[in-house]
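Here's the structure, in structure tokens; my notes come after.
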Amino acid sequence: MRARVWITSALIALTGVAAFAHSGATGIVKERMDGMSAMGKAVKVLTPMMRGQTPYDAAQVRASADVMIAHAGETMTRLFPEGTGAKPSSALPTVWEDWEGFTELAKKLKSYAEGMKLGADNGLAENAVQQGSSMMGGTASVSMGGGMMGAEQTITPEMLASMPVDMAFTAVVQTCSACHQKFRAEEK
């Protein structure tokens, strides 16, 4: 739980820094930065809801998931042609050195956002536990060590759709964080 809060907080902080970093960006670099900002804003809207600090709104979850779906997967990777890593871009050379890893994370992000959208009506894990839900076989926790449910298992949108939505949200923000750690330069 603490890891999820930390990751989410870090993503929110990076959203503000990213807005400043966009000055001077043009063309495809600006387009990808705008897409990343849109996803960051979606995370920022959902974070207090996932923490139980604001009322849960399934329609807002679906709308935010739609933003992420629209900017993830192939839409994201097409915005990273070779030679577009120079400033003001924050992309590290590892994007192109490990293209397979980068595209895998972009695909996962889209898939996890799709699962979050599909599971929007499930509500939060805390509510599922209180209601004695059978989601996830009666448990409300997901092992995050090495990725959701272990590194080898592929998590599908349908699997996430059967879970409390904050678990799908956690998968989304962990994917964002993993991508930023490996493929994005730290903002100064």
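Just so it is clear, none of the values below were taken in a lab; they were calculated from the coordinates. Every value quoted in this text rests on a predicted model; they were computed, and no experiment measured them. Please note: Cβ atoms are built from the backbone with ideal geometry, for glycine as well, and neighbour counts cover all protein chains shown.
Tabulated results
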{"read-out": "Around Gly73: net Lys/Arg minus Asp/Glu count, Cβ-Cβ under 10 Å", "value": "+2"}
{"read-out": "Environment charge at Gln60 (Cβ cut-off 15 Å; Lys +1, Arg +1, Asp -1, Glu -1)", "value": "+1"}
{"read-out": "Per-residue HN-Hα couplings for the stretch 105-114 [Karplus 6.51, -1.76, 1.60; θ = phi - 60°; Hz; x = Gly/Pro]", "value": "5, 4, 5, 4, 4, 5, 4, 5, 5, 4"}
{"read-out": "Amide hydrogen neighbours beyond the local backbone of Ala91, cut-off 5 Å, H modeled", "value": "Ala185"}
{"read-out": "Formal net charge of residues neighbouring Val95 (Cβ-Cβ distance under 14 Å; K, R +1; D, E -1)", "value": "-1"}
{"read-out": "Highest to lowest packing among 75-83, 157-165, scored as the average C-beta count within 10 Å", "value": "157-165, 75-83"}
